[in-house]
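The block underneath contains the structure these notes are about, expressed in structure tokens.
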Amino acid sequence: MSQSPSRVLFVSSESRPFASTGGLADVAEALPVELNRIGVSVDRIMPLYRAVWEGQGKGDYQVERSPYTLQIPMGNEILPAEIFTAELQGTLTYFVGFEEYFDRIELYALPQREYSDNFSRFLFFQKAVVALIDALQAPYEVLHLNDWQCGLLPLLLEKGINGTGRGGREKTLFTIHNLAYQGLYPATGLYKTNLPGNFLDQYPSLEYYGKLNFMKAGLLGSDRVNTVSPTYAREILSPEFGCGLEGVLGSLPNPVVGIVNGVDTEVWNPETDPTLPKTYSSKSIAGKESCKKDLLKEVGLTYDKEVPLFVMISRLVDQKGIPVIGEAMERMMSLPMQFVLLGSGQEIYHNWLKDWNRKWPEHFKAIIGYNSDLSHRMEAGADFFLMPSQFEPCGLNQLYSLRYGTIPIVNQTGGLQDTVDDYRQNPKTGTGLRMSQYTPESFLECIRDAISLFHDKKKLRGIRQNGMRHDVTWTRTASQYLELYRELGEEK
Ligand code: ADP
């Protein structure tokens with residue numbers, strides 16, 4: 001068997017527990033720890049957001065100043081990047097600090113708009129990554145890049161942060177967590193990269209219809225590309241899911257590999273979860289009903305053991321199927337069910353939720369915001385979890401649901417298709433329900449079938465047990481990434 005690369009740097013714009021907006025942060029937290037556990041030496045690097053400082057109060061980690069302050073050229077300006085570190089679960093994280101860019105309330109966007117200087121913020125971050133690697137004088141063999149915020153790194157690793165070259169570049173693996181966000185910016189910013197030549201037509205990997213596209217540069221510049229499920233890896237080669245980059249993806253010398261994410265089985269464990277009023281397991285499930293009672297009380301709905309509880313935890317954006325729920329809502333609320341939704345995102349959807357809270361106070365409750373502890377109690381207390389996403393690269397909540405004995409109802413797309421088996425087609429192995437189409441009708445059909453299932457206690461128990469036995473560990477995922485790292489290590 002080939003040798004593992006000696007050192008890997010995992011680069012991402014967010015990671016739990018430091019700062020997070022979505023699934024990328026869960027991956028960035030768990031994967032490096034698991035890889036370190038199986039013998040690859042992996043460090044992490046991310047920006048030093050305000051949230052990183054605020055999270056220190058919870059006591060898991062301590063951020064410390066490193067000796068490094070790096071001078072980062074941004075066109076004609078030189079800006080300082082102060083490097084900090086923290087050690088957590090045996091993994092070292094570097095933080096790139098520059099208050100003007102990262103000491104902000106949110107990571108990328110306010111509810112109304114994206115931060116207008118995201119191009120500069122993440123260009124600066126990527127340059128600081130290269131500057132730190134050079135300053136450390138401890139080579140990384142592989143850089144594991146994640147999403148558009150890392151897309152310029154292959155070019156920067158080759159050309160250097162001043163555009164004068166670096167004498168060779170590290171191998172890069174680029175992971176797509178969501179192709180819909182590409183980092184598309186006006187070409188007028190090109191001078192800030194300090195890339196030599198400074199004309200966009202010299203950088204076809206970066207150019208996209210006259211603009212700069214970080215994602216495209218990452219895909220074309222990296223040695224390998226993967227994404228977070230086999231189905232999404234196939235889907236993104238089509239115009240429907242390729243977000244304009246299907247041609248680029250189809251032209252890559254190596255096919256895009258799909259590796260399904262895992263779950264942190266210590267954080268998401270109904271047997272030990274400290275946020276739950278009662279813990280439970282697949283063998284002794286009684287505690288789940290107590291969690292349901294408590295959850296309903298917490299959100300202000302009345303418990304009725306004959307009424308199934310559906311929940312959803314999500315960013316409130318089109319991708320997550322909120323428009324389908326909007327169209328189905330009236331018909332859903334006429335069924336014998338309760339529905340609790342936790343999320344935040346687009347303002348228009350916040351208004352929908354406030355409306356629904358007023359309209360169906362006995363059957364529906366929306367909590368607008370981000371609340372990690374409540375999300376655990378919802379996973380435990382629910383009978384069914386809703387995830388009617390239009391597209392879903394991998395999705396994590398359906399995996400948490402499986403672990404918590406909560407039956408997922410998902411659209412048939414991406415990672416949802418790869419991880420949820422429909423019991424109506426496979427009665428013996430089924431773990432959930434899959435919509436056959438992305439329509440309110442198909443969604444409602446699943447809800448009606450779920451309500452019938454809820455009253456067939458024997459069948460319900462079997463499907464729950466199947467889900468709770470599903471392998472969602474990071475060990476399986478990490479070994480697949482290790483294989484990709486090895487392939488890169490062999491290509492000298
Ligand atoms: P995405 O990365 O597209 O948002 P995923 O399903 O891959 O979707 O991951 C979402 C992660 O963020 C999950 O861990 C989910 O529980 C969490 N999450 C999303 N919204 C909230 C919220 N409002 N409160 C708590 N956790 C949330």
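Annotation: amide H-H contacts under 5 Å for residue 438 (H modelled 1.01 Å from N, sequence separation of 5 or more, or interchain): none. Heavy-atom accessible area for residue 464, with the other protein chains in place and a 1.4 Å probe, reaches approximately 40 Å². The distance between label points at residue 82 and residue 317 comes to 3.1 nm (points 7 Å beyond Cα on the Cα→Cβ vector). Averaging the sequence gap over all C-alpha pairs within less than 8 Å and six or more residues apart, then dividing by the number of residues, gives the chain a relative contact order of 13 percent.
The separation of region 379-428 from region 9-84, counted between C-alpha centres, amounts to 31 Å.
Any idea what the dipole of the chain comes to, in debye rounded to 20, about its Cα centre with Lys/Arg Cβ at +1 and Asp/Glu Cβ at -1? For the chain, the charge dipole is close to 960 debye. Charge dipole of region 287-471 (Cα centre as origin; +1 on each Lys and Arg Cβ, -1 on each Asp and Glu Cβ, all else neutral): 560 debye, rounded to the nearest 20. In this rough spin-label picture, where each label sits 7 Å from Cα along the Cβ direction, the residue 275-residue 456 distance is 3.3 nm. Put a dot 7 Å past the Cα of residue 56, heading toward its Cβ, do the same for residue 483, and the two dots end up 4.2 nm apart. Each part gets one Cα centre, and for region 323-358 versus region 202-261 those centres are 34 Å apart. Annotated for region 287-471: lysine pairs at least 8 residues apart or interchain, Cα distance under 13 Å, count 8. Potential lengthening of the chain between residue 425 and residue 6 amounts to 146.3 nm, from the contour at 0.36 nm per residue minus the alpha-carbon distance. For the chain, the 222 nm mean residue ellipticity estimated from helices alone, with every DSSP H stretch of n ≥ 4 adding -39500 (n - 2.57) and the total spread over all residues, rounds to -10500 deg cm²/dmol. The slack between residue 331 and residue 285, meaning 0.36 nm per residue of separation minus the straight C-alpha distance, is 13.4 nm. Think of the chain as having a plus end and a minus end, set by charges on the Cβ of Lys, Arg, Asp and Glu; of 450, 96, 164, 450 sits farthest toward the positive end of this dipole. For residue 183, the shell of other residues with beta-carbons less than 11 Å away shows a net charge of +1, using +1 for Lys and Arg and -1 for Asp and Glu. Extension gain, residue 237 to residue 347, is 36.4 nm, computed as 0.36 nm per intervening residue step minus the present C-alpha separation. In this structure, the amide hydrogen of residue 15, modeled 1.01 Å from its nitrogen in the peptide plane, lies closer than 5 angstrom to no residue at least 5 positions away or on a different chain. Annotation: per residue accessible area for the chain equals 40 Å², rounded to a whole number [probe 1.4 Å, protein chains only].
Expressed as a fraction of 2.2 N^0.38 Å, the value expected for a compact globular protein of N residues, the C-alpha radius of gyration of region 287-471 is 0.93.
Largest first, the extents of the alpha carbon coordinates of region 387-447 on the three principal axes equal 27, 25, 16 Å. Only protein atoms count toward the accessible area here, which uses a 1.4 Å probe; on region 287-471, the carbon and sulfur part of that area reaches 47 percent. Report Rg/Rh for the chain, rounded to two decimals, where Rg is the Cα radius of gyration and Rh the Kirkwood radius. My calculation puts Rg/Rh at 0.98.
Database remark: amide H of residue 229 closer than 5 angstrom to the amide H of 259 (H placed geometrically; neighbours at sequence offset of 5 or more, or on other chains; Pro and chain starts carry no H). Accessible area per residue was computed with a 1.4 Å probe on protein heavy atoms; residue 101 scores about 20 Å².
The values are calculated or read from the model by the stated rules, or taken from the named source; none is laboratory data. Predicted model, so just to flag it, every value in this text is computed and none were measured. Virtual Cβ from ideal backbone geometry, glycine too; neighbours counted across all protein chains shown. In case anyone asks, the SASA skips ligands and DNA or RNA and just uses the protein heavy atoms, side chains included. Shrake-Rupley method; radii C 1.70, N 1.55, O 1.52, S 1.80 Å.
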